[in-house]
Amino acid sequence: MKKIILIISLFFGVLIISLFFGVVVAEDLDPKKLAVSCDNGDMDACFSLGKLYYTGEGVKQNYQKASELYQKACDAGDPYGCNNLGWLYYDGEGVKQNYQKAAELSKKACDGGDLRGCVLLGYLYYYGEGVKQNYQKAFELLEKSCDGGIPGGCSFLGTLYDDGKGVKQNYQKASELYQKACDDGNTYGCLNLGELYYDGYGVQQNYQKARELYQKACDGRNTSGCNNLGSLYYNGKGVRQDYAIAKEYYGKACDLGDQLGCDYYKRLNNR
């Protein structure tokens, strides 16, 4: 089974709460009260109001307004505002997509103490987007974020050990990092650890264990986890072969917007 490594949907899908928004620092999330506090110089309120505009909670969703509020917080020295603004520049939401700007903002966030910024900056160095590709630099940033307790950083760091990028390949170390990330609620950690159990890399091959980890990922709305479960049931690996159950999991992935799941679901419907 092809190994799945970190992709950008990691940050904007099932992990958006832990990776993107960080912590909510304002206790009162009433938009009108936050607006008044923000205008009076409370940058925590600006940050929280920006979050509401991003999600559309209590206000009409407005990415541009969110970017303006995050910019205001960032300019005042709030690393969380810089981090969130960096993600907007990465994805081109509310601002024109600009990887270099995303790198500058994520560095400011990382240096300022928001270790989620280190994850984004590590990602940019890994893929050479907005910065010159540098696996060693990516490793250092992801290790910093993981050591600081950021599950997504541990998961992505695991992929570096898994693939031998910026560090000597070590499947056992990768499995430990994936386990740590999975235990902390990172579905890609669960997914990738499941892949190791499926292939028997760094751990003893165990299809049943792989199924449990894929299930955990799928339950967390990770479409690759759902697709992998579908594959297990389709091929009868670690479970009794069951095309009906396979179709259910492919269908769930499809409902979550995964085109591969949709393709497999359609194929099973035409059997």
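The values are calculated or read from the model by the stated rules, or taken from the named source; none is laboratory data. Note that the structure is a prediction, hence the values are computed from the model and not measured. All Cβ positions, even for glycine, are placed from backbone atoms using ideal geometry, and neighbour counts span all protein chains on display. Ligands, DNA and RNA are excluded from the accessible area calculation, which covers all protein heavy atoms including side chains. Shrake-Rupley method; radii C 1.70, N 1.55, O 1.52, S 1.80 Å.
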Practice problem: Return the distance in nm (one decimal) between the two label points of a simple spin-label model at V239 and N98, each offset 7 Å from Cα along Cα→Cβ. | Solution: 4.7 nm
Practice problem: Order these peptides, 233-244, 138-149, by their mean beta-carbon neighbour count within 10 angstrom, highest first. | Solution: 138-149, 233-244
Practice problem: Kindly report the accessible area of the chain per residue (heavy atoms of protein chains, probe 1.4 Å, no ligands, DNA or RNA), in Å². | Solution: 46 Å²
Quiz prompt | Gyration tensor (alpha-carbon) shape descriptor, region 83-184, a/c threshold 1.5 | solution = prolate
Practice problem: Using only Cα atoms, find the angle between the long axis of helix 43-55 and the longest principal axis of the chain, and express it within 0 to 90 degrees, rounded to the nearest 10. | Solution: 50 degrees
Exercise. Assuming R0 = 45 Å, can you tell me the calculated FRET efficiency for the pair D199 and V36, based on Cβ-Cβ distance, to the nearest 0.05?
Key: 0.20
Quiz item: What is the extension gain from D183 to N270, computed as 0.36 nm multiplied by their sequence separation minus the C-alpha to C-alpha distance, in nm to one decimal?
Solution: 27.5 nm
Quiz prompt | Helix 223-235 axis, angle to the chain major axis (alpha carbon atoms, nearest 10°) | solution = 0 degrees
Quiz item: On a 0 to 90 degree scale, rounded to 10, what angle separates helix 79-91 from the longest Cα axis of the chain?
Solution: 60 degrees
Quiz item: How many angstrom separate the Cα center of region 132-148 from the Cα center of region 48-95?
Solution: 25 Å
Practice problem: Determine the dipole magnitude for the chain: charges of +1 sit on the beta-carbon of Lys and Arg, -1 on that of Asp and Glu, nothing else is charged, the reference point is the Cα centre, and the result goes in debye to the nearest 20. | Solution: 1040 debye
Quiz item: Cα gyration tensor of region 132-180, axes a ≥ b ≥ c as square roots of the eigenvalues: rounded (a/c below 1.5), prolate (a/b > b/c) or oblate?
Solution: oblate
Quiz item: Given a 1.4 Å probe and every protein chain left where it sits, what share in percent of the accessible area of the chain is carbon and sulfur?
Solution: 44 percent
Quiz prompt | Under the Karplus curve 6.51 cos²θ - 1.76 cosθ + 1.60, θ = phi - 60°, whole-Hz ³J(HN,Hα) for region 242-248, x wherever Gly or Pro sits | solution = 8, 5, 5, 5, 4, 5, 4
Self-check item: Of K60, K108, K216, the one that fluctuates the most in a GNM where the chain has Cα springs shorter than 10 Å
Solution: K60
Practice problem: Rank G152, A217, N83 by how far each Cα sits towards the positive end of the charge dipole of the chain (+1 on Lys, Arg Cβ; -1 on Asp, Glu Cβ) and give me just the farthest. | Solution: A217
Self-check item: Cα shape, region 29-133, gyration tensor, a/c 1.5 rule
Solution: prolate
Quiz prompt | Peptides ranked, highest mean first, by Cβ atoms within 10 Å: ranges 205-215, 186-196, 89-99, 31-41 | solution = 186-196, 205-215, 89-99, 31-41
